[in-house]
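The values are calculated or read from the model by the stated rules, or taken from the named source; none is laboratory data. Since this is a predicted model, take the numbers as computed values, not measurements. Here the Cβ positions follow ideal geometry from the backbone for every residue, glycine too, while neighbour counts run over all protein chains shown.
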Amino acid sequence: MTMVSAPKKVAISRKKRQRISPLLVVIPAAALILALTYALPPFRNYQLATVGAYLCVTAGLTVLTGLNGQLSLGHGALMATGAYTLALMQNRFNLLVAGIVVAVLVTTVVGAVIGLAAARLRGPYLAGLTLAVAVVVPSIASTFDETFNSDQGLTVALEPPPDAITVEQWQAWVCWGAALVTVLLLAYLIRGRFGRDLRAVRDDETAAKLAGIGVARTQVLAFVVSAACAGLAGALFAVLAQSVSPGAFPLTLSLFLLMAIVIGGLGRLVGALIGAVLLVALPSFAQSIAESSGSVRLEGNLALTFFGVVLVVVMLAAPGGLTSLTNLRIRRKSQKGRK
């Protein structure tokens, strides 16, 4: 009878986790979400739906920044693009699914244009470009007020759900249905050759070129995929709020998105889920503190402060994000096995 050492057991368990089909994770998650929508009160269902909408954009940003190494400060603007596209489509044609598809396509085209420019830039120059996009896109809505109704924004006309379910339940189903499909597609995408190309370009562009990988093509495709996810998230937020305005997509939103995936763990979709939860939990906590103190102005500053404090604490305790804590446990087990 052969005995397997502790380090080998840890390596085997790692390989088993990598071989698990994403579908086997998504199906139980869908069942859990469905059960929660019947157990939670309406406001919690709305928060659950918001987490699902955020998961779409954090998962796409994880692919772009965590796996490909491109820093983006403009994903809030890409979300605004998807949201305004859905609002215009829904108010004219009243076809929700078609409107969401068109919103994703339009944002994908915008992401491709930005990606072509971003492929030529690195570091702070890339961050500056995406930052400019975050500033310019919301201001377009204020400039073309005949189409976008200026700062007042657009309302999103939606058909009421059936009487058997609440609006919040329906919103949770729509958002999490889109989120789980997005995560499933991204999981299969990054497990294949495209994922290996992303990591190779991130780690060493010169070595990737020598290996025959098209660096610029990979970077543009990463931006396109991430932009499509951001457009989907923006469309879902339009469904949640049933209105769209420039104030809903400020520059701080892009900063929150970036901090969320860093705290959760760059390069892992589980980290994107943790970041999505934080994007809902921390502002809600800040709002409750601001209301108890009687100062509404503190709400935005407190949310940013909380994110900053959590980011510093997590980077000191786990530089790889919260998901890296599992890797630390595995390493400790392997070290104990060697001893």
Notebook entry, point to check: Could you say which residue among VAL102, VAL110 is at pLDDT 95 or above and surrounded by 19 or more Cβ atoms within 10 Å (Cβ to Cβ)?
Noted result: VAL102
Checklist line | Complete set of residues in segment 188-227 that are of a type in the set (Gly, Ala, Ser) and either over 13 Å from LEU67 (Cα atoms) or not in a helix (DSSP H, G or I) (or both) | finding: GLY192, ALA207, ALA208, ALA211, GLY212, GLY214, ALA216, ALA227
Check: Does GLY214 fit the bill of being free of Cβ contacts under 8 Å to residues at least 60 places away in the same chain and at negative phi?
Finding: yes
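When you check GLU159 against the structure, is it charged (D, E, K, R), touching a Phe, Trp or Tyr at 6+ places or on another chain (Cβ under 7 Å) and within 23 Å of LEU86 (Cα to Cα), yes or no?
Working: charged (D, E, K, R): yes; touching a Phe, Trp or Tyr at 6+ places or on another chain (Cβ under 7 Å): no; within 23 Å of LEU86 (Cα to Cα): yes.
Against the criterion (charged (D, E, K, R), touching a Phe, Trp or Tyr at 6+ places or on another chain (Cβ under 7 Å) and within 23 Å of LEU86 (Cα to Cα)), GLU159 does not qualify.
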Note to self: The conditions are (1) in contact with a helix residue (DSSP H, G or I) (Cβ under 6 Å, 6 or more places away or on another chain); (2) at pLDDT below 90, and ALA187 fails exactly one of them. Which is it?
What the structure shows: (2)
Checklist line | Test: LEU55 is in a helix (DSSP H, G or I) and out of contact with any strand residue (DSSP E or B) (no Cβ under 9 Å at 6 or more places or on another chain) | finding: yes
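How many residues does segment 119-140 contain that are assigned to a helix (DSSP H, G or I) and either surrounded by 20 or more Cβ atoms within 10 Å (Cβ to Cβ) or not small (Gly, Ala, Ser) (or both)?
In the first step, residues of segment 119-140 are kept if they are assigned to a helix (DSSP H, G or I); the result is 123-140.
Now drop any that are not either surrounded by 20 or more Cβ atoms within 10 Å (Cβ to Cβ) or not small (Gly, Ala, Ser) (or both), which leaves 124-126, 129-131, 133-138, 140.
Selection size over segment 119-140: 13.
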Checklist line | Failed item, numbered, when VAL201 is tested on (1) closer than 30 Å to LEU40 by Cβ; (2) at pLDDT 90 or above; (3) more than 21 Å from the chain's Cα centre (by Cα) | finding: (1)
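Can you confirm whether VAL133 is free of Cβ contacts under 8 Å to residues at least 12 places away in the same chain, under 16 Å from ALA228 (Cβ atoms) and not basic (Lys, Arg)?
no
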Next item on the list: Could you list, in sequence order, all residues of segment 68-92 that are surrounded by fewer than 24 Cβ atoms within 10 Å (Cβ to Cβ) and in a helix (DSSP H, G or I)?
Entry: LEU88, MET89, ASN91, ARG92
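Restricting to segment 172-184, name every residue that is closer than 19 Å to ALA98 by Cβ and either among the hydrophobic types (A, V, I, L, M, F, W, C) or at pLDDT below 95 (or both).
Kept after step one, since they are closer than 19 Å to ALA98 by Cβ, are these residues of segment 172-184: 173-175, 177-178, 181-182.
Listed by number, the residues that qualify are TRP173, VAL174, CYS175, ALA178, VAL181.
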Next item on the list: With respect to GLU205, determine if the residue is acidic (Asp, Glu) and surrounded by 15 or more Cβ atoms within 10 Å (Cβ to Cβ).
Entry: yes
Next item on the list: Considering every residue within segment 190-198, establish whether at least one is without any contact (Cβ under 8 Å) to a residue 24 or more places away in the chain and within 30 Å of ASN94 (Cβ to Cβ).
Entry: no
Notebook entry, point to check: Could you count how many residues in segment 237-248 are at pLDDT 90 or above and not polar (S, T, N, Q)?
Noted result: 6
